[in-house]
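K.L.:
What follows is a structure written as structure tokens; I'll ask about it next.
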Amino acid sequence: MANPKSVLPLYEKNWYKYNYKRVFDSIILILLLLLLGYRLISVNDYSLPWFVAFLCECWFTLGWIFTMSTQWSPALVKTYPERLLQSVEELPAVDIFVTTADDKLEPPIITVNTVLSVLSLDYPSHKLSCYVSDDACSPLIFYALQQASSFAKHWVPFCKKYNVQTRAPFRYFSDDNDECTTNNEEFRQEWLQMKDMYENLSRDIDVDPKSIPNLHESDFAIFSNTTRTDHPAIIKAIWENKEMVENGVPHLIYISREKRPKQPHHYKAGAMNVLTRVSGLITNAPFMLNLDCDMIVNNPKIVQHAMCIFLGSRGEKEVAFVQCPQRFYTSLKDDPFGNQMTMTYTFILGAGLAGLQGPLYCGTNCFHRRKVIYGLSPDDVENVLSIGSNKLSEEELKQTFGASNDLMKSIIHALEERTYSTNDINVKKTIEKATQVACHGYEYGTFWGKQVGWIYESIVEDIVTGLLMHARGWRSELCTPNPIAFVGCAPGDNLATMSQFKRWATGMLEIFFCKHCPIFATIFAKLSFREFLGYMWIINWGFNPFAQVCYSCVIAYCIITNSYFLPKDWGIYIPILLVIFYNVYTLYEYLALGLSTKAWWNNERMSKITPMNAGFCGFITMLLKLLGVSSTVFEITKKDIAPFSEDDKNATRYTFDKSLVFLPGTTVLLLQLTAILIKMSGFQKQGLSGNYECGMVEMLCSVYLIICYWPFLKGLFETGKYGIPLSTISKGGILTCLFVILCRRTVSG
């Protein structure tokens with residue numbers, strides 16, 4: 001595809017050094033190692049809390065090494081889309097996948113706005129195809145897309161005519177948009193007309209599914225007698241760009257894969273594999289973009305930016321996928337629930353990993369090479385023609401990709417980098433063949449989900465799929481154009497944040513205990529060592545909560561038993577300096593990014609609350625799975641266009657429900673309160689020796705935890721959704737009593 005005559009590069013990658021970060025990172029690591037060394041040489045202090053604290057601090061030190069390595073070589077890519085047409089003879093086609101799974105948690109208006117922003121991209125329309133996966137088999141989603149396609153015939157030309165930057169209508173027509181105040185009368189009239197049409201569209205799709213007009217007509221007949229877990233494969237061409245008009249509306253295709261009760265469907269990974277097969281039969285574009293239903297296009301030229309990386313001199317042979325960072329259009333001031341992850345995306349998931357083998361695949365906002373999804377490795381690129389020769393028999397192809405002859409032909413085309421011409425694409429004629437590969441039994445006995453497509457080993461299918469690509473020797477790149485490529489909806493409350501983090505923690509542990517573990521990928525495959533440390537950094541989201549909970553229990557144990565776990569004499573300065581340096585360092589980073597001190601504190605507080613509750617529950621869930629007691633479940637995060645108002649005083653308040661996810665935090669808080677009460681009431685027993693006593697520092701640690709858990713403390717006395725349910729408090733109280741009894745028996749023994 002690339003033009004060898006072109007001299008100017010399509011993209012440049014620049015590495016940076018943040019010396020202040022290296023200095024602070026090194027100081028913190030040295031202090032952690034000094035603390036561990038002090039514990040080892042202090043033979044006279046050996047005890048149960050001392051040993052548990054040592055193990056936890058060993059894990060914290062290891063986690064800090066993961067963090068250091070990941071953020072020490074940051075890099076950013078600069079793309080030159082204006083050079084693209086000078087470097088390639090023809091722009092490649094791109095298939096775009098939008099996924100939704102619940103029409104209540106993910107309202108159709110959100111999906112519609114994402115689809116409209118995709119259809120209006122500044123890219124030749126005959127080179128784009130949009131596939132929407134509806135895992136709920138909702139007639140409302142289908143109806144909404146039908147209505148949106150009619151609106152798109154007006155919206156797409158309007159956006160391209162006036163070079164509209166924000167192409168999701170609900171964002172474009174927001175209250176703070178003053179474009180209609182222009183003196184251009186023609187534009188003002190069209191703007192008002194578009195706004196009126198969008199408002200009508202919003203009203204039309206805000207209906208009960210049973211009241212959809214013409215529900216029993218032919219297009220909707222197939223939805224009768226279906227449920228979200230029991231229905232046939234449904235593929236409908238909502239709009240087909242038959243004339244392949246360059247400035248028209250791209251293909252829009254609805255897909256709901258077949259589901260049957262008690263048959264595994266592998267959650268989002270299964271839906272992505274169906275999208276890959278169906279699109280391979282219909283349009284077979286060499287590149288694919290996958291988006292969650294709430295991730296709207298914020299930069300209409302993002303496809304050109306991504307193609308610069310893919311089609312660059314190095315990118316063509318090395319880059320498997322291009323990841324764009326996640327940013328959010330709905331966010332509360334000062335990030336009260338710590339779910340915007342600004343620092344994480346800036347220094348680690350973003351530029352940090354980009355300087356190594358590449359950023360992780362984050363499940364959305366990502367461009368893929370189709371041939372890489374089909375299992376090709378960099379070593380196979382030169383010998384790709386062997387796919388179509390005698391080296392791979394028809395039986396081997398069927399065992400890998402399934403029994404569809406048409407799909408095998410399209411896969412061979414993709415692997416050999418032969419693309420469909422406009423005359424080869426006939427959407428409606430291909431749908432019947434595509435329905436076959438969307439059936440639930442098609443993957444049986446094949447390599448789909450094992451070595452081909454999205455991998456099924458974990459409920460965080462994105463991380464494990466990207467890991468497999470890196471293990472094969474591919475790189476990935478980060479694409480950060482200005483303005484940012486996509487923006488989405490952050491979880492609107494702590495309940496959604498907890499649900500999301502629990503899934504992440506469980507999924508990370510599934511990866512660690514599966515055959516695609518980063519350790520194996522480094523030893524036996526081509527995952528670089530520092531990229532391995534990067535994967536271990538995110539997998540640590542599953543392990544670290546256990547260490548945090550144990551450490552908090554050690555604090556309470558020492559106060560109750562009148563013992564200590566922190567160094568005495570000069571050694572106490574090590575943890576004190578560690579706390580000072582860490583907090584000054586993180587506060588400086590927040591302020592340097594233009595964030596507030598309150599945002600820093602909220603994230604510090606939530607870095608204790610979220611892992612010790614949702615993360616710990618994820619750890620227990622994985623433990624039960626390993627023991628064969630239960631299996632993991634994919635939980636969908638609730639999304640909404642406007643989940644809160646800046647003027648809503650309750651928007652930042654912590655809410656609770658009867659979920660067990662709040663039990664660890666409630667118990668930890670009750671433990672600290674009970675320990676301090678015992679200390680202040682003089683009910684402590686004499687320690688194991690006269691010099692073996694709880695100090696003021698242990699008390700300060702307990703008070704610090706209580707301050708971090710202030711929302712839980714308020715929840716003990718609140719009612720309704722802002723109060724911790726009595727059942728959770730009772731369970732936490734029982735666990736606290738058992739812990740105190742065990743502590744007393746330890747001292748008595």
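K.L.:
For E57, only one of the following conditions fails: (1) over 23 Å from L478 (Cα atoms); (2) crowded, with 16+ Cβ neighbours inside 10 Å; (3) modelled with pLDDT under 95. What is its number?
P.N.:
Every listed condition holds for E57 apart from (3).
K.L.:
So P300 clears everything in (1) touching a strand residue (DSSP E or B) at 6+ places or on another chain (Cβ under 9 Å); (2) in the same structural domain as N113 (by TED's automatic domain parsing); (3) farther than 25 Å from N613 by Cβ except one condition, right? Which one?
P.N.:
P300 satisfies every listed condition except (1).
K.L.:
Still on this structure, please answer the following. For D294, are the conditions met, namely being closer than 30 Å to L591 by Cα, surrounded by fewer than 24 Cβ atoms within 10 Å (Cβ to Cβ) and acidic (D, E)? Before you say what the answer is, go through the steps one by one.
P.N.:
On the way: closer than 30 Å to L591 by Cα: yes; surrounded by fewer than 24 Cβ atoms within 10 Å (Cβ to Cβ): no; acidic (D, E): yes.
So D294 fails the test.
K.L.:
Just checking, does segment 233-253 include any residue being at pLDDT below 85, in the same structural domain as I425 (by TED's automatic domain parsing) and among the hydrophobic types (A, V, I, L, M, F, W, C)?
P.N.:
As a first pass, look at segment 233-253 and keep what is at pLDDT below 85: 242-247.
Filter again for in the same structural domain as I425 (by TED's automatic domain parsing), leaving 242-247.
Then keep just the ones that are among the hydrophobic types (A, V, I, L, M, F, W, C); that gives 244-245.
Checking segment 233-253: at least one residue is at pLDDT below 85, in the same structural domain as I425 (by TED's automatic domain parsing) and among the hydrophobic types (A, V, I, L, M, F, W, C).
K.L.:
Scan segment 523-535 residue by residue and report those that are of a type outside the set (D, E, K, R), surrounded by fewer than 23 Cβ atoms within 10 Å (Cβ to Cβ) and touching a residue at least 24 places away in the same chain (Cβ under 8 Å).
P.N.:
A525, S528, L533, listed by residue number.
K.L.:
If we scan segment 99-115, do we find a residue that is surrounded by 20 or more Cβ atoms within 10 Å (Cβ to Cβ), touching a residue at least 24 places away in the same chain (Cβ under 8 Å), part of a loop (DSSP other than H, G, I, E, B) and touching a Gly at 6+ places or on another chain (Cβ under 9 Å)?
P.N.:
No, there is no match, as no residue in segment 99-115 is surrounded by 20 or more Cβ atoms within 10 Å (Cβ to Cβ), touching a residue at least 24 places away in the same chain (Cβ under 8 Å), part of a loop (DSSP other than H, G, I, E, B) and touching a Gly at 6+ places or on another chain (Cβ under 9 Å).
K.L.:
Quick one: which of F662, F656 is part of a helix (DSSP H, G or I) and more than 30 Å from L31 (Cβ to Cβ)?
P.N.:
On the way: F656 fails: part of a helix (DSSP H, G or I).
Being part of a helix (DSSP H, G or I) and more than 30 Å from L31 (Cβ to Cβ) holds for just one of F662, F656, which is F662.
K.L.:
Additional query: In segment 335-364, what residues are within 12 Å of the chain's Cα centre (by Cα) and aliphatic (A, V, I, L, M)?
P.N.:
Listed by number, the residues that qualify are M341, L349, L360.
K.L.:
So, K317, is that one modelled with pLDDT under 95, more than 25 Å from E417 (Cα to Cα) and of a type outside the set (A, V, I, L, M, F, W, C) or not?
P.N.:
On the way: modelled with pLDDT under 95: yes; more than 25 Å from E417 (Cα to Cα): no; of a type outside the set (A, V, I, L, M, F, W, C): yes.
In short, no.
K.L.:
Could you list, in sequence order, the residues of segment 558-572 that are surrounded by fewer than 24 Cβ atoms within 10 Å (Cβ to Cβ) and either polar (S, T, N, Q) or at pLDDT 95 or above (or both)?
P.N.:
The answer is N562, and nothing else.
K.L.:
Here is a list of conditions, (1) under 30 Å from Y557 (Cβ atoms); (2) loosely packed, with under 14 Cβ neighbours inside 10 Å; (3) not acidic (D, E), and L31 meets all of them except one; can you say which number that is?
P.N.:
(2)
K.L.:
Okay, next question. Just to check your reading of the model, which residue among V697, V668 is in contact with a helix residue (DSSP H, G or I) (Cβ under 9 Å, 6 or more places away or on another chain), of a type in the set (V, I, T) and modelled with pLDDT under 95? Quick ask: steps written out before the conclusion?
P.N.:
Numbers: V668 fails: modelled with pLDDT under 95.
When all the criteria are applied, what remains is V697.
K.L.:
Report the residue count in segment 346-364 for those that are under 15 Å from V460 (Cα atoms) and among the small types (G, A, S). Before the answer, list the steps.
P.N.:
Initially, segment 346-364 is screened for residues under 15 Å from V460 (Cα atoms), giving 360-364.
From what's left, among the small types (G, A, S): 363.
Number of matching residues: 1.
K.L.:
Within the group L289, L311, L275, L332, which residue is within 20 Å of the chain's Cα centre (by Cα), modelled with pLDDT under 95 and hydrophobic (A, V, I, L, M, F, W, C)?
P.N.:
Numbers: L289 fails: modelled with pLDDT under 95; L311 fails: within 20 Å of the chain's Cα centre (by Cα); L275 fails: modelled with pLDDT under 95.
Residue meeting the stated conditions: L332.
K.L.:
Something else: Can you go through L688, L713, L742 and tell me which one is farther than 30 Å from D135 by Cβ and at pLDDT 95 or above? Can you show your working first?
P.N.:
Values: L688 fails: at pLDDT 95 or above; L742 fails: at pLDDT 95 or above.
On inspection, the qualifying residue turns out to be L713.
K.L.:
Looking only at helices (runs of 4 or more DSSP H) that lie completely in segment 453-556, which have at least 2 residues being among the aromatic types (F, W, Y)? Quick ask: steps written out before the conclusion?
P.N.:
On the way: elements: 461-471, 494-512, 518-524.
Fully inside segment 453-556 and qualifying: 494-512, 518-524.
K.L.:
Residue by residue through segment 464-498, note down the ones that are under 24 Å from T111 (Cβ atoms) and among the β-branched types (V, I, T).
P.N.:
Selection gives T465, I484, V487, T497.
K.L.:
Just one of S421, S404 is of a type in the set (G, A, S), on the phi < 0 side of the Ramachandran plot and either without any contact (Cβ under 8 Å) to a residue 24 or more places away in the chain or in contact with a Leu (Cβ under 6 Å, 6 or more places away or on another chain) (or both); which is it?
P.N.:
Numbers: S404 fails: either without any contact (Cβ under 8 Å) to a residue 24 or more places away in the chain or in contact with a Leu (Cβ under 6 Å, 6 or more places away or on another chain) (or both).
None of the others qualify; the one that does is S421.
The values are calculated or read from the model by the stated rules, or taken from the named source; none is laboratory data. In this text the structure is predicted, and so the values were computed from the model without any measurement. Positions of Cβ are generated from backbone atoms using ideal geometry, with glycine treated the same way; all protein chains shown enter the neighbour counts.
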